[in-house]
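*Asks:* Pasting a structure here, questions to come.
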Amino acid sequence: VDGLLWNDRNIDALGEASRLEWFGGKRTQAEWDAFGKLLRKKLNFQPLPEEEVKTFTLLPFDLPKTPYASPLRFNQKGLLWAQTKDGLRPADPSIATVAVEAEEPSPERPSTTDDHEAGSLPRPAPPPAAYPAAPKKWSLLPRRADGALLQAVLPSCGRAEIQLALLEDPARPPRLQPLPILAPRPANCASFGKPPLEAEVIGWKRNSLHGISAGQLFFSQGVIDQNHLRAAYLTRWGLVVIADSKLTVFTSDKLPPSTHHCVITPKQSTNQKVACLTASGIIEFNLEQNTERSSPESSQERPL
C-alpha cells in the first residue's frame, strides 16, 4: 500500500487497503487504524457535514441479478432521477408531487379556458423547469458495441487474479478475462470457485469495461483517463469520489455499509453532488463546499 501511494497509484492503494484481510487473515483494530493513518497522510480526506445530506425513500426498482449499472442518474441541472419499474421519475418525491399537482385541475371545480381568461381562476403554475429535463433512459445492463456484457466477477480458477466473465455469445460459456487484482487463492474449477464477487458496472468506453469490485475501480483494458473519469464508490475508509482529476475520500456516519451504486453529477453541472443507493433508501449529498476545504491530514489535493 505504501509503495502504491508513493507512486501516486492512489486508486490501487485504496483497493489493496480494502482487501487486507484477503491475504493476512483477520486484522486487529490497531492494524486497521495504522493503515488508515497511512492513507490519511497521502490522500485528501474530508468530513461530510450532516446538514449537506439528504435521504429519500426507496423506490420500486427492478434490478437485474447480474452486475448492473446504477438506476440513479443526475440531469444537467443536478436533479436526481431514478429508473424504476414505473419508468423515470425524480428521486425526490416532493418534486414529483409538485409536477403532478400542477397538471391536475382542482377536484372541487374543474378549471376551464374561459375561467382562466376571465380572471376568475389563476392559471395553474407550470411544472418546475427541472422536472421535464429527464435524462435519456439508460440500460442497467450496458453492452459493448458487439453486444457483450458482464455476467459476473469471479476469483480465477487456475490463476490468482480476479476475472471478468464476459458473455459475448448466449450460446457459449462466458469468456474469462483476468484483471490485475489478486484474489485470495486460485478457486476450485470443479465447483466453479467461490461465489461471484459483488460488482457494479459503470459502463463501456469503446471496448473497455469500467466497473467497481472488491473496493476498487477496474478497467478491462487500457489505462485510466484521469481527465474524464468521474466515479464514486464506498470503501472501508469512506466514500471515494473521483472528479476533475482529483480524488477525495468523504467520511460520515450517514454512509451505511450498504451504500452502493453511486453516481456523480455531470461535469457541466454547476452544483456537484453524489447520490447512492442504500438498503433503506437513497442518499444524496453536496460536494461543492467540501472539495474546497483542505483536509486536516493533507495540505493539497492528490492526483489519482
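*Asks:* Below 16 Å, Cα to Cα, which lysines can LYS42 reach? Residues fewer than 8 away in the same chain don't count.
*Replies:* LYS246
*Asks:* Can you tell me how much longer the chain between LYS85 and GLU198 gets when fully stretched, taken as 0.36 nm per residue apart minus their C-alpha distance, in nm with one decimal? Walk me through the numbers on the way to the answer.
*Replies:* Details: separation 113, 0.36 × 113 = 40.68 nm, distance 2.29 nm.
Net length gain for the segment: 38.4 nm.
*Asks:* Rounded to the nearest 0.05, what FRET efficiency do ASN271 and LYS246 give with R0 = 25 Å and r taken as the Cβ-Cβ distance? Could you check? Show your work: numbers first, answer last.
*Replies:* Values: r = 17 Å, r/R0 = 0.68.
Working from the Cβ atoms, E equals 0.90.
*Asks:* Given 0.36 nm per residue, what is the gain on full extension from THR57 to ARG143 after removing their alpha carbon distance, in nm? Write out the running numbers ahead of the final one.
*Replies:* Working: separation 86, 0.36 × 86 = 30.96 nm, distance 2.97 nm.
Gain on stretching THR57 to ARG143: 28.0 nm.
*Asks:* Let me ask another. At 10 °C and 1.306 mPa s, what whole-number value in µm²/s does Stokes-Einstein give for the translational diffusion of the stretch 12-62, with Rh from the Kirkwood sum over Cα pairs? Display every interim value, and only then the final one.
*Replies:* Details: Rh = 14.1 Å.
The Stokes-Einstein estimate is 112 µm²/s.
*Asks:* Of LYS205/LYS267; LYS77/LYS273; LYS65/LYS136, which sit over 21 Å apart, Cα to Cα? Don't skip to the answer; put the middle values down first.
*Replies:* Working: LYS205/LYS267 17 Å; LYS77/LYS273 11 Å; LYS65/LYS136 23 Å.
Over 21 Å apart, Cα to Cα: LYS65/LYS136.
*Asks:* What lysines could a cross-link reach from LYS26, if we take a straight Cα to Cα line under 16 Å and drop same-chain neighbours fewer than 8 places away?
*Replies:* none
Since every read-out is calculated from the coordinates, none of them should be taken as a lab result. These numbers were taken from a predicted model, which means no experiment stands behind them. Cβ sites come from the backbone with ideal geometry, for glycine too, and all protein chains shown count toward neighbours.
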